[in-house]
Each structure stands twice: as C-alpha cells, then as structure tokens.
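The values are calculated or read from the model by the stated rules, or taken from the named source; none is laboratory data. Quick caveat, the model's predicted, so the values are computed rather than measured. A quick note on method: Cβ atoms are made from the backbone with ideal geometry, for glycine too, and the neighbour counts reach across all protein chains shown.
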Amino acid sequence: MSADLPILLIEDNPLDVDLTLRAFQRCELANPIVVARDGEEALAWIPRWEAGETLPVLILLDLNMPRIDGLTVLRTLKAHAVLRCIPIVVLTTSEEERDIQCAYESGANSYIAKPVGFDHFVDVARHIELYWCVINKLPG
C-alpha cells in the first residue's frame, strides 16, 4: 500500500480530530490525513474524486454529525461506483447495537468504538494503520 495515499477522517468534534491526528502522529503513520469536519464537507469530496483527485486509501467516519449524519455519508459513498471499494471504518462513540447493525447494513467495513484515553486511542490507531494500510489488500 502506498504511503502517499491519504486517509480521510470525517469528524465534527475538534477534540476528536486533534486526538486522532495526534494518535496517528505518535504511530508515525506515513499516510497523510485529510479532515472533513462534517458530512456535508465529506460529500463535497465526491466531485473532486470524480475529477481525478487521489482517492483515499481508507475513510474513518464518525456517525453523530450535524447537517449530514454519518450513516447518510456511508450510504452515499457505498452507492457510488468509483468509491464503493474504499474501506470505511466507522470510528464513533456509540456502542449501541442498533448503530452497529445500521452501519454494517449500510456498507461499513469495520466498526470501532472510540476508546477513552490517549494511550488506548494510540493502540487503536496503530491497529487501524497495520490492518487497513499495510495488511489489507485492495483492488487495484
């Protein structure tokens, strides 16, 4: 997997954005991280990708966002012919069974509840990077 391919983080909470960026920095993640601050900003990437901008290798998606919620973003991306193969990992505070079920039914490739505490978040970031950016094979 090429380290120059971006990871798209879709997260509206500035503290969680900072936490995620710091956790990946601590892991020395080689991939650049691009941030969309809500669902509307995330979906605004679609025309840019259609125009040839580099697709992300992975999308990390929060569910609970204003304007356009994460499940709507997930369904929209998974319905798009070019984007449906991009792995989408739901990274959210919810551990509700209903949210987990809806996320998988909507096309999520993984569902991770945000851990409490920076050290635990670094562990999650390390596992995300190892699996999704190193081990996992994507169509070419």
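Please work out which residue is farthest from residue 83 (Cα to Cα), limiting yourself to region 19-39 and to residues that are part of a helix (DSSP H, G or I) and in contact (Cβ under 8 Å) with a residue 60 or more places away in the chain. Across region 19-39, the extreme among qualifying residues is 26.
Here is a yes/no grid of residues against (1) touching a residue at least 40 places away in the same chain (Cβ under 8 Å); (2) out of contact with any helix residue (DSSP H, G or I) (no Cβ under 6 Å at 6 or more places or on another chain); (3) at positive phi:
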residue: 13; (1), (2), (3): yes, yes, no
residue: 17; (1), (2), (3): no, yes, no
residue: 41; (1), (2), (3): no, yes, no
residue: 47; (1), (2), (3): no, yes, no
residue: 52; (1), (2), (3): no, yes, yes
residue: 56; (1), (2), (3): yes, yes, no
residue: 65; (1), (2), (3): yes, no, no
residue: 79; (1), (2), (3): no, yes, no
residue: 83; (1), (2), (3): no, no, no
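Counting only residues that are touching a helix residue (DSSP H, G or I) at 6+ places or on another chain (Cβ under 8 Å) and closer than 23 Å to residue 84 by Cα, which one in region 111-124 is modelled with the lowest pLDDT? Once the filter is applied, the top-ranked residue is 112. For residue 10, the criteria (1) of a type outside the set (Ser, Thr, Tyr); (2) farther than 24 Å from residue 120 by Cβ; (3) in contact with a strand residue (DSSP E or B) (Cβ under 6 Å, 6 or more places away or on another chain) hold in every case but one, which is (2). If you go through region 24-41 and keep only what is surrounded by 16 or more Cβ atoms within 10 Å (Cβ to Cβ) and at pLDDT below 90, you end up with 24, 27, 29, 31. With respect to the conditions (1) within 16 Å of residue 67 (Cβ to Cβ); (2) out of contact with any Pro (no Cβ under 7 Å at 6 or more places or on another chain); (3) acidic (Asp, Glu), residue 38 falls short on a single one, namely (2).
Number of residues in region 50-71 that are crowded, with 17+ Cβ neighbours inside 10 Å and not in a loop (DSSP other than H, G, I, E, B): the value is 6. Being among the polar types (S, T, N, Q), more than 19 Å from residue 16 (Cα to Cα) and free of Cβ contacts under 8 Å to residues at least 24 places away in the same chain is the filter here, so list the residues in region 91-110 that pass it. If the condition is that a residue be among the polar types (S, T, N, Q), more than 19 Å from residue 16 (Cα to Cα) and free of Cβ contacts under 8 Å to residues at least 24 places away in the same chain, then 101, 109 are the ones that fit. When residue 107 is tested against (1) modelled with pLDDT of 95 or more; (2) at negative phi, exactly one condition is not met: (2). Residues in region 72-108 that are among the acidic types (Asp, Glu) and loosely packed, with under 14 Cβ neighbours inside 10 Å: 95, 96, 97, 105. Of all residues in region 84-135, those that are over 20 Å from residue 57 (Cα atoms) and part of a loop (DSSP other than H, G, I, E, B) total 8.
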